[in-house]
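Written out below as C-alpha cells is the structure these notes cover.
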Amino acid sequence: MDTTWQGHAKVEEYLERIGRLPARITGEAELLDALPAEVHRVLDLGCGDGRLAALVMDAHPEVEAAVALDRSPAMLGAAHTRFAGDPRVTVAAHDMADPLVVDESFDAVVSGFAIHHLAHDRKRTLFDEIHAALRPGGVFANLEVVECATPALQAEFFARIGRAEGDPEDVCAPVEPQLEWMRAAGFTDVDCQWRWRGFALLVGRK
Ligand SMILES: C[S@@+](CC[C@H](N)C(=O)[O-])C[C@H]1O[C@@H](n2cnc3c(N)ncnc32)[C@H](O)[C@@H]1O
C-alpha cells in the first residue's frame, strides 16, 4: 500500500482529521490575518485539497484568481472536487522540487504544512521563486511544521498531535534559518508571526 502523499490512504486519513486540531485552526486564522487587505490573486503551494485557498477566498471575496498546486493525484482529485464549477480557481499538478513557473502577479502566496517536505536547499530556492511571484506589497504566509528546539520538545509536540514520531516524508527545519532564508530571498518584515510547538506561521512581505 502507498503510504505517501501520492497515495489515497494517507490523503484520506489526513483529510478526515485536519479540521479537528485546534492549533491548526488558530494558525489558519493568523495566516488570514497576515495577508494584505486586498487579495485579488492567490497562489497555494502544496495545496492538498485546497483548504487554505478556500479559506483565503472566503475571507477575500474580491479574489479573482486562485492557483492551487500539488503533486499528489489523490489531493488534486480532492481539490478538483472542492472547486468544481468555480471559474476563478486553477488546480494543477506541480512538484515543488521543480522550478515554480508563474506570473509575477500574486498578492498572496500561501502554503500549509507542505514546504517542509523539500530538502533545505530547495526550500531556499523556492523562497526566491515565491518572492519573484509576488507583486510589490504581496505577502508570503507559510503555515508550517518546524523542528522543535530540543528532542524533548519534539517528543512533546508529537504527543500533543497524537503521533508517535515524525512523518518519514518530513524534512523539517527550525524557524530561525527559515526566516534567514526568507530575508536572503528579499522579503521584508520577515517574522514568525505565530507559533504553537512544532507549528509556525512564517511571514514575509515583498
Ligand atoms: C500535510 S499536507 C497539507 C495540505 C494542505 N496544504 C493543507 O494545508 O491541508 C502536505 C501536502 O504537500 C504536498 N506535497 C508534498 N511534497 C510536495 C512536492 N514536492 N510538490 C508538491 N506538493 C507536495 C502533498 O501532496 C500534500 O498535499
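A short reminder: the numbers here are calculations on the coordinates, not readings from a lab. Treat the numbers as computed from the prediction; the structure is a model and nothing was measured. Note that each Cβ is placed from the backbone with ideal geometry, even for glycine, and that neighbours are counted across all protein chains shown.
Observations
- DSSP bridge orientation in the chain - percent antiparallel, rounded to nearest 5: 40
- With helices as the sole contributors, the chain gives -11500 deg cm²/dmol at 222 nm; each DSSP H run of n ≥ 4 counts as -39500 (n - 2.57), and the sum is divided by every residue.
- For the range 25-32, the Karplus equation 6.51 cos²θ - 1.76 cosθ + 1.60, evaluated at θ = phi - 60°, returns couplings of 4, 5, x, 5, 5, 5, 4, 4 Hz by residue, with Gly and Pro reported as x.
- Among residues other than LEU134 with Cβ under 9 Å from its Cβ, the summed charge is +1 (Lys and Arg +1, Asp and Glu -1).
- Label-to-label distance, nm, for residues given as THR3 and ALA93 (7 Å Cα→Cβ offset): 2.5
- The residues neighbouring ILE25, those whose beta-carbon lies less than 14 Å from its own, together hold a net charge of 0 under the Lys/Arg +1, Asp/Glu -1 convention.
- In this calculation the C-beta distance from CYS192 to ALA84 is compared with R0 = 41 Å, giving a FRET efficiency of 0.70.
- In the frame of its principal axes, the range 137-195 has Cα extents of 40, 20, 17 Å, reported largest first.
- Residues with amide H under 5 Å from that of CYS47, placed H, sequence gap 5 or more: LEU69, ASP70
- Label-point separation, ALA23 to ILE161 (7 Å along Cα→Cβ), nm: 0.7
- Couplings 3J(HN,Hα) of the range 182-195, computed from phi: 5, 5, 5, 6, x, 6, 10, 6, 6, 7, 8, 8, 7, 8 Hz, in residue order, whole Hz [Karplus 6.51 cos²θ - 1.76 cosθ + 1.60, θ = phi - 60°; x for Gly and Pro].
- With the convex hull drawn over the C-alpha atoms of the range 8-205, the volume per residue is 109 Å³.
- Working from Cα pairs under 8 Å separated by at least six residues, relative contact order for the chain is 21 percent.
- Average projected area [Cα convex hull, the range 68-175], square nanometres: 8.2
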